[in-house]
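Working notes for the structure below.
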Amino acid sequence: MLVHNQIFGAPLAGITDKPFRRIVRMFSSNVPLYTEMISCHSLVEAHKNCPRNFDRYDDEGNIGAQIFGADVALMGEAACILQDAGASWIDINMGCPVPKVATRSGAGANLMRDHRLAENIMRSVIKSVKIPVSIKTRLGWDDDHKDWNDLVHIATDCGISFVALHGRTRAQLYTGEAKLPIITEDIKIPVIGNGDIKTLEDIKRTLNLGYNGVMIGRAMLGKPWILGELSGKCRAPKNIGLIVLRHLEYMLEYYGKRNATQMFRKHAAWYSAGMPNSSEFRIKVNQISDEKELKMEICKFWGCEADI
(Lines give C-alpha, C1' and ligand atoms only; values in the text may rest on other atoms or scores of the structure.)
Protein backbone atom coordinates (compact mmCIF):
# COMPACT_ATOMS: atom_id res chain seq x y z
CA MET A 1 0.00 0.00 0.00
CA LEU A 2 1.46 3.35 -1.06
CA VAL A 3 1.37 6.06 1.61
CA HIS A 4 4.03 8.50 0.43
CA ASN A 5 2.64 11.98 -0.28
CA GLN A 6 -0.88 10.62 0.08
CA ILE A 7 -3.81 12.66 1.38
CA PHE A 8 -5.98 10.53 3.67
CA GLY A 9 -9.54 11.13 4.85
CA ALA A 10 -9.54 10.68 8.63
CA PRO A 11 -11.87 8.42 10.62
CA LEU A 12 -14.48 10.67 12.27
CA ALA A 13 -16.99 9.17 14.71
CA GLY A 14 -20.55 9.90 13.63
CA ILE A 15 -19.34 11.34 10.32
CA THR A 16 -17.40 9.01 8.02
CA ASP A 17 -20.13 6.42 7.63
CA LYS A 18 -20.92 4.74 4.33
CA PRO A 19 -23.22 7.54 3.03
CA PHE A 20 -20.54 10.17 3.71
CA ARG A 21 -17.85 8.06 2.07
CA ARG A 22 -20.05 7.67 -1.03
CA ILE A 23 -20.21 11.45 -1.34
CA VAL A 24 -16.45 11.80 -0.87
CA ARG A 25 -15.91 9.22 -3.62
CA MET A 26 -17.78 11.46 -6.08
CA PHE A 27 -14.80 13.81 -5.91
CA SER A 28 -11.93 11.52 -4.87
CA SER A 29 -12.04 8.07 -6.42
CA ASN A 30 -8.67 6.85 -5.18
CA VAL A 31 -7.93 8.77 -1.97
CA PRO A 32 -7.51 6.44 1.03
CA LEU A 33 -10.48 6.76 3.41
CA TYR A 34 -11.22 5.37 6.85
CA THR A 35 -14.44 4.05 8.29
CA GLU A 36 -15.76 5.34 11.57
CA MET A 37 -14.16 3.47 14.45
CA ILE A 38 -15.87 0.11 14.96
CA SER A 39 -16.13 -1.64 18.32
CA CYS A 40 -14.60 -5.10 18.21
CA HIS A 41 -17.29 -6.31 20.64
CA SER A 42 -20.15 -4.88 18.58
CA LEU A 43 -18.71 -6.25 15.35
CA VAL A 44 -17.94 -9.78 16.54
CA GLU A 45 -21.29 -10.03 18.32
CA ALA A 46 -23.03 -8.59 15.23
CA HIS A 47 -25.08 -6.00 17.12
CA LYS A 48 -28.03 -5.25 14.84
CA ASN A 49 -28.51 -1.66 16.02
CA CYS A 50 -25.17 -0.68 14.44
CA PRO A 51 -25.42 -0.72 10.60
CA ARG A 52 -21.66 -0.39 10.06
CA ASN A 53 -21.21 -3.88 11.54
CA PHE A 54 -22.64 -5.19 8.27
CA ASP A 55 -20.94 -2.92 5.71
CA ARG A 56 -19.27 -4.35 2.63
CA TYR A 57 -16.21 -2.51 1.31
CA ASP A 58 -15.67 -4.26 -2.02
CA ASP A 59 -16.97 -1.27 -4.00
CA GLU A 60 -15.36 1.45 -1.86
CA GLY A 61 -11.88 1.51 -3.31
CA ASN A 62 -9.00 2.22 -0.95
CA ILE A 63 -10.72 1.89 2.43
CA GLY A 64 -9.24 1.26 5.87
CA ALA A 65 -11.54 -0.22 8.51
CA GLN A 66 -10.72 1.14 11.97
CA ILE A 67 -11.38 -0.99 15.05
CA PHE A 68 -11.11 -0.23 18.74
CA GLY A 69 -11.09 -2.38 21.83
CA ALA A 70 -8.93 -3.76 24.62
CA ASP A 71 -9.59 -7.49 24.16
CA VAL A 72 -6.61 -8.98 22.31
CA ALA A 73 -8.42 -12.00 20.85
CA LEU A 74 -11.55 -10.06 19.85
CA MET A 75 -9.48 -7.42 18.07
CA GLY A 76 -7.92 -10.13 15.94
CA GLU A 77 -11.30 -11.69 15.24
CA ALA A 78 -12.80 -8.30 14.33
CA ALA A 79 -9.93 -7.60 11.94
CA CYS A 80 -10.57 -10.91 10.19
CA ILE A 81 -14.26 -10.06 9.75
CA LEU A 82 -13.39 -6.69 8.20
CA GLN A 83 -10.82 -8.25 5.89
CA ASP A 84 -13.49 -10.68 4.68
CA ALA A 85 -15.85 -7.72 4.15
CA GLY A 86 -13.40 -6.22 1.65
CA ALA A 87 -11.37 -3.68 3.64
CA SER A 88 -8.08 -2.65 2.02
CA TRP A 89 -6.31 -2.42 5.36
CA ILE A 90 -7.08 -2.56 9.09
CA ASP A 91 -6.42 0.38 11.41
CA ILE A 92 -6.17 0.08 15.19
CA ASN A 93 -7.48 3.09 17.11
CA MET A 94 -4.94 4.11 19.74
CA GLY A 95 -5.94 7.75 20.05
CA CYS A 96 -9.66 8.20 20.75
CA PRO A 97 -9.75 10.47 23.82
CA VAL A 98 -13.41 10.26 24.88
CA PRO A 99 -13.98 8.72 28.33
CA LYS A 100 -16.35 6.04 27.02
CA VAL A 101 -13.49 4.59 24.97
CA ALA A 102 -10.25 5.73 26.60
CA THR A 103 -11.03 5.24 30.28
CA ARG A 104 -14.14 3.14 30.78
CA SER A 105 -13.26 0.66 28.01
CA GLY A 106 -9.49 0.77 28.34
CA ALA A 107 -9.20 1.18 24.55
CA GLY A 108 -8.33 4.06 22.20
CA ALA A 109 -5.94 6.53 23.82
CA ASN A 110 -5.54 4.27 26.86
CA LEU A 111 -3.26 2.07 24.73
CA MET A 112 -0.73 4.91 24.80
CA ARG A 113 -0.45 4.24 28.55
CA ASP A 114 -0.30 0.46 28.26
CA HIS A 115 2.31 -0.37 25.65
CA ARG A 116 2.30 -4.06 26.50
CA LEU A 117 -1.41 -4.33 25.77
CA ALA A 118 -0.93 -2.21 22.64
CA GLU A 119 1.79 -4.56 21.42
CA ASN A 120 -0.31 -7.65 22.09
CA ILE A 121 -3.23 -6.16 20.18
CA MET A 122 -1.03 -5.23 17.23
CA ARG A 123 0.48 -8.70 17.05
CA SER A 124 -2.97 -10.32 17.30
CA VAL A 125 -4.41 -8.21 14.49
CA ILE A 126 -1.39 -8.68 12.21
CA LYS A 127 -1.46 -12.43 12.77
CA SER A 128 -5.19 -12.58 11.96
CA VAL A 129 -5.13 -10.88 8.54
CA LYS A 130 -3.21 -10.84 5.29
CA ILE A 131 -3.86 -7.17 4.50
CA PRO A 132 -1.77 -4.25 5.88
CA VAL A 133 -2.36 -3.04 9.44
CA SER A 134 -1.84 0.53 10.66
CA ILE A 135 -2.36 2.40 13.91
CA LYS A 136 -3.67 5.89 14.63
CA THR A 137 -2.45 7.52 17.81
CA ARG A 138 -1.63 10.81 19.53
CA LEU A 139 1.43 12.47 21.03
CA GLY A 140 0.75 10.86 24.41
CA TRP A 141 -1.63 10.88 27.33
CA ASP A 142 -0.68 14.41 28.46
CA ASP A 143 2.20 16.89 28.29
CA ASP A 144 4.19 14.88 30.83
CA HIS A 145 3.81 11.64 28.88
CA LYS A 146 4.52 12.34 25.21
CA ASP A 147 5.82 8.87 24.42
CA TRP A 148 4.47 8.50 20.87
CA ASN A 149 7.99 7.73 19.64
CA ASP A 150 8.22 4.66 21.86
CA LEU A 151 4.87 3.40 20.61
CA VAL A 152 5.94 3.90 16.99
CA HIS A 153 9.06 1.82 17.57
CA ILE A 154 6.98 -0.96 19.12
CA ALA A 155 4.65 -0.78 16.13
CA THR A 156 7.62 -1.10 13.79
CA ASP A 157 8.85 -4.22 15.61
CA CYS A 158 5.36 -5.73 15.38
CA GLY A 159 5.18 -5.25 11.62
CA ILE A 160 2.73 -2.34 11.44
CA SER A 161 2.71 -0.86 7.91
CA PHE A 162 2.29 2.82 8.81
CA VAL A 163 1.25 5.15 11.62
CA ALA A 164 -1.09 8.16 11.64
CA LEU A 165 -0.08 10.67 14.33
CA HIS A 166 -2.47 13.33 15.64
CA GLY A 167 -0.63 16.40 16.95
CA ARG A 168 -2.44 16.61 20.29
CA THR A 169 -2.32 14.71 23.57
CA ARG A 170 -5.27 12.85 24.99
CA ALA A 171 -5.63 15.58 27.65
CA GLN A 172 -6.13 18.21 24.91
CA LEU A 173 -9.05 16.31 23.37
CA TYR A 174 -9.76 18.42 20.27
CA THR A 175 -8.88 21.81 21.72
CA GLY A 176 -5.78 23.94 21.41
CA GLU A 177 -3.38 23.93 18.50
CA ALA A 178 -2.20 20.66 17.00
CA LYS A 179 1.61 20.59 16.98
CA LEU A 180 3.25 17.78 15.08
CA PRO A 181 6.82 16.86 16.03
CA ILE A 182 9.66 16.40 13.54
CA ILE A 183 10.02 12.85 12.23
CA THR A 184 13.61 11.78 12.83
CA GLU A 185 15.72 9.20 11.00
CA ASP A 186 15.32 6.58 13.73
CA ILE A 187 11.67 6.11 12.68
CA LYS A 188 11.69 3.44 9.99
CA ILE A 189 8.02 3.23 8.94
CA PRO A 190 5.87 5.86 7.22
CA VAL A 191 4.11 8.36 9.48
CA ILE A 192 1.02 10.32 8.39
CA GLY A 193 0.49 13.73 10.00
CA ASN A 194 -2.97 14.62 11.33
CA GLY A 195 -4.52 17.58 13.14
CA ASP A 196 -5.67 21.01 11.90
CA ILE A 197 -4.55 20.32 8.32
CA LYS A 198 -6.84 22.28 6.02
CA THR A 199 -4.84 23.91 3.22
CA LEU A 200 -2.04 23.21 0.74
CA GLU A 201 0.24 25.30 2.96
CA ASP A 202 -0.60 23.05 5.93
CA ILE A 203 0.22 20.01 3.81
CA LYS A 204 3.58 21.41 2.68
CA ARG A 205 4.50 22.33 6.24
CA THR A 206 3.65 18.82 7.45
CA LEU A 207 5.61 17.08 4.70
CA ASN A 208 8.59 19.34 5.44
CA LEU A 209 8.60 17.95 9.00
CA GLY A 210 9.36 14.52 7.56
CA TYR A 211 5.86 13.06 7.32
CA ASN A 212 5.06 10.69 4.47
CA GLY A 213 1.52 11.95 4.00
CA VAL A 214 -1.25 13.94 5.62
CA MET A 215 -4.69 13.21 7.01
CA ILE A 216 -7.61 15.60 6.69
CA GLY A 217 -10.21 15.42 9.45
CA ARG A 218 -12.64 18.14 10.49
CA ALA A 219 -11.92 20.14 7.33
CA MET A 220 -14.12 17.57 5.53
CA LEU A 221 -17.22 18.66 7.46
CA GLY A 222 -19.56 20.30 4.96
CA LYS A 223 -16.84 19.98 2.30
CA PRO A 224 -16.61 16.34 1.24
CA TRP A 225 -14.90 17.52 -1.95
CA ILE A 226 -11.89 18.99 -0.09
CA LEU A 227 -9.78 15.85 -0.51
CA GLY A 228 -10.25 16.10 -4.25
CA GLU A 229 -9.49 19.83 -4.19
CA LEU A 230 -6.28 19.43 -2.20
CA SER A 231 -5.07 16.60 -4.40
CA GLY A 232 -5.83 18.62 -7.55
CA LYS A 233 -8.51 16.22 -8.80
CA CYS A 234 -11.54 18.52 -8.69
CA ARG A 235 -12.99 21.88 -7.71
CA ALA A 236 -15.82 22.67 -5.32
CA PRO A 237 -19.21 21.95 -6.95
CA LYS A 238 -21.14 24.91 -8.32
CA ASN A 239 -24.47 23.74 -6.92
CA ILE A 240 -23.81 22.46 -3.42
CA GLY A 241 -27.52 21.91 -2.86
CA LEU A 242 -27.55 18.96 -5.23
CA ILE A 243 -24.72 17.34 -3.28
CA VAL A 244 -26.60 17.95 -0.03
CA LEU A 245 -29.72 16.30 -1.45
CA ARG A 246 -27.77 13.30 -2.68
CA HIS A 247 -26.08 12.92 0.69
CA LEU A 248 -29.49 12.99 2.36
CA GLU A 249 -30.77 10.32 -0.04
CA TYR A 250 -27.83 8.08 0.81
CA MET A 251 -28.56 8.60 4.51
CA LEU A 252 -32.25 7.76 4.08
CA GLU A 253 -31.35 4.62 2.16
CA TYR A 254 -28.82 3.52 4.78
CA TYR A 255 -30.49 4.45 8.09
CA GLY A 256 -34.18 4.69 7.21
CA LYS A 257 -36.39 7.78 7.33
CA ARG A 258 -36.81 8.07 11.10
CA ASN A 259 -33.13 8.04 11.97
CA ALA A 260 -31.65 9.61 8.86
CA THR A 261 -33.63 12.85 8.98
CA GLN A 262 -32.49 13.64 12.50
CA MET A 263 -28.94 12.49 11.88
CA PHE A 264 -28.63 14.66 8.77
CA ARG A 265 -29.31 17.93 10.60
CA LYS A 266 -25.63 18.32 11.55
CA HIS A 267 -24.55 17.76 7.95
CA ALA A 268 -27.02 20.38 6.71
CA ALA A 269 -25.54 22.82 9.23
CA TRP A 270 -21.97 22.11 8.11
CA TYR A 271 -22.83 22.42 4.43
CA SER A 272 -24.46 25.81 5.04
CA ALA A 273 -21.75 27.25 7.29
CA GLY A 274 -20.60 30.71 6.21
CA MET A 275 -23.43 31.23 3.75
CA PRO A 276 -25.95 34.11 3.99
CA ASN A 277 -28.88 33.33 6.31
CA SER A 278 -27.24 30.07 7.42
CA SER A 279 -28.08 30.61 11.11
CA GLU A 280 -31.80 30.89 10.32
CA PHE A 281 -31.54 27.82 8.11
CA ARG A 282 -29.89 25.79 10.88
CA ILE A 283 -32.53 26.80 13.42
CA LYS A 284 -35.29 25.74 11.03
CA VAL A 285 -33.61 22.46 10.07
CA ASN A 286 -33.05 21.47 13.68
CA GLN A 287 -36.80 21.43 14.22
CA ILE A 288 -37.59 19.19 11.23
CA SER A 289 -38.33 15.50 11.63
CA ASP A 290 -39.94 14.81 8.23
CA GLU A 291 -37.63 14.01 5.31
CA LYS A 292 -39.85 15.72 2.73
CA GLU A 293 -39.89 18.93 4.72
CA LEU A 294 -36.11 18.73 5.11
CA LYS A 295 -35.69 18.34 1.35
CA MET A 296 -37.93 21.37 0.76
CA GLU A 297 -35.85 23.55 3.09
CA ILE A 298 -32.63 22.40 1.43
CA CYS A 299 -34.06 23.26 -1.99
CA LYS A 300 -35.18 26.67 -0.78
CA PHE A 301 -31.84 27.49 0.79
CA TRP A 302 -29.67 26.42 -2.15
CA GLY A 303 -32.13 27.17 -4.94
CA CYS A 304 -32.36 23.69 -6.39
CA GLU A 305 -35.06 21.15 -7.11
CA ALA A 306 -35.69 17.69 -5.71
CA ASP A 307 -37.97 14.83 -6.59
CA ILE A 308 -40.04 15.01 -3.40
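Taking the convex hull of the alpha carbon atoms in the range 90-163, what volume per residue do you get, in Å³? Intermediate results must be reported in sequence, preceding the final value.
On the way: hull volume 5.6 nm³, N = 74.
Per residue, the Cα convex hull of the range 90-163 comes to 76 Å³.
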TODO: Using only protein heavy atoms and a 1.4 Å probe, report how much of residue 203 is accessible, in Å² to the nearest 10.
DONE: 20
Task: Debye log10 I(q)/I(0) at q = 0.18, 0.21 Å⁻¹ for the range 128-243, Cα point scatterers - done: -0.97, -1.18
- [ ] Name the residues whose placed amide hydrogens come within less than 5 Å of the amide hydrogen of residue 160, ignoring near sequence neighbours (fewer than 5 apart) on the same chain.
- [x] none
Task: Alpha-carbon radius of gyration plus Dmax, which is the widest Cα pair, for the range 249-298 in Å - done: 10.5, 31
TODO: With viscosity set to 0.692 mPa s and temperature to 37 °C, compute the Stokes-Einstein D of the range 14-144, Rh being the Kirkwood radius across alpha carbon pairs; µm²/s, no decimals.
DONE: 221
Open item on the list: I need to check one value: relative contact order of the range 133-213, counting alpha carbon pairs closer than 8 Å and at least 6 residues apart, in percent.
Closed with: 29
- [ ] Relative to the longest principal axis of the C-alpha atoms of the chain, give the angle of the C-alpha long axis of helix 115-128, reported between 0 and 90° and rounded to the nearest 10°.
- [x] 70
TODO: Would you check the accessible area of residue 300, probe 1.4 Å, heavy atoms only, in square angstrom rounded to 10?
DONE: 140
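For the chain, what is the relative contact order in percent, using Cα pairs closer than 8 Å and at least 6 residues apart in sequence?
On the way: 584 pairs, mean separation 47.4, N = 308.
Once normalised by length, the contact order is 15 percent.
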Task: Selected from 184, 200, 135, residue furthest toward positive end of dipole (the chain; charges at beta carbon) - done: 200
TODO: Would you work out the relative contact order for the range 197-281, in percent, from Cα pairs under 8 angstrom that are 6 or more residues apart?
DONE: 23
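Among the listed pairs 100/127; 198/266; 188/223; 204/266, give every one whose C-alpha distance is greater than 23 Å. Don't skip to the end; give the middle numbers.
Numbers: 100/127 28 Å; 198/266 20 Å; 188/223 34 Å; 204/266 31 Å.
Check vs 23 Å cut-off fails for 100/127; 188/223; 204/266.
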Task: Inter-probe distance in nm under a simple model that places probes 7 Å from Cα toward Cβ, at residue 174 and residue 144 - done: 2.8
Open item on the list: Using the crude model of +1 on Lys and Arg Cβ and -1 on Asp and Glu Cβ, and no other charge, please compute the dipole size for the chain relative to its Cα centre, in debye to 20.
Closed with: 600
TODO: Excluding residues on the same chain fewer than 8 positions from residue 238, give the aspartates and glutamates whose Cα lies under 15 Å from its Cα.
DONE: 229, 305
Open item on the list: Taking the 0 to 90 degree range and rounding to the nearest ten, how far is the long axis of helix 72-84 tilted relative to the main principal axis of the chain, both from C-alpha atoms?
Closed with: 50
Open item on the list: I want to verify a result. In a Gaussian network model of the chain, Cα cutoff 10 Å, which of these has the top mean-square fluctuation: 121, 183, 288?
Closed with: 288
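Considering only protein heavy atoms and a 1.4 Å probe, what is the carbon-and-sulfur percentage of the accessible area of the chain?
49
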Task: Label-reachable residues, the range 168-186, where backbone N falls under 18 Å from a point 7 Å from residue 113's Cα toward its Cβ - done: 168-174
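In whole angstrom, how long is each semi-axis of the equivalent ellipsoid of the range 1-72, when you take the square root of 5 times every eigenvalue of its Cα gyration tensor and sort them from largest down? Mind showing how you got there, number by number?
Numbers: eigenvalues 103, 42, 20 Å².
The equivalent ellipsoid of the range 1-72 has semi-axes of 23, 14, 10 Å.
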Task: Dipole-positive endmost among 255, 220, 241 within the range 189-265 (Cβ charges, Cα centre) - done: 241
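Give me the accessible area per residue for the chain, probe 1.4 Å, as a whole number in Å².
On the way: 14380 Å² over 308 residues.
Result: 47 Å² of accessible area for each residue.
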- [ ] Would you mind telling me which residue in 187, 38, 15 has the biggest mean-square fluctuation in a Gaussian network model of the chain, where springs connect alpha carbons within a distance under 10 angstrom?
- [x] 187
Open item on the list: Between helix 240-255 and the chain, what is the angle of the helix's C-alpha long axis to the longest principal axis, kept within 0 to 90° and rounded to the nearest 10?
Closed with: 70
Open item on the list: Can you divide the C-alpha Rg of the range 217-277 by 2.2 N^0.38 Å and report the result to two decimal places?
Closed with: 1.19
Task: Inverse mean reciprocal Cα-Cα distance (Kirkwood Rh) of the chain, Å - done: 20.0
Open item on the list: Counting only other residues whose beta carbon sits under 11 Å from that of residue 59, what net charge do I get with K and R as +1, D and E as -1?
Closed with: +2
- [ ] Find how much the distance from residue 49 to residue 182 grows on full extension, using 0.36 nm per residue of separation minus their present alpha carbon separation; answer in nm with one decimal.
- [x] 43.6 nm
Task: Projected label distance in nm at residue 234 and residue 300, using a 7 Å step from Cα toward the beta-carbon - done: 2.9
TODO: Would you give the gap between the C-alpha center of the range 33-85 and the C-alpha center of the range 248-308, rounded to a whole Å?
DONE: 29
Open item on the list: Ranking request for peptides 91-104, 268-281: highest mean number of other beta-carbon atoms within 10 Å first, then the rest in descending order.
Closed with: 91-104, 268-281
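The values are calculated or read from the model by the stated rules, or taken from the named source; none is laboratory data. The structure displayed is predicted, hence computed values, not measured ones. Methodologically, a virtual Cβ is constructed for each residue, glycine included, from the backbone with ideal geometry; neighbour enumeration extends over all protein chains shown. Heads up: the accessible areas ignore ligands, DNA and RNA and are worked out on the full protein's heavy atoms, side chains in. Shrake-Rupley method; radii C 1.70, N 1.55, O 1.52, S 1.80 Å.
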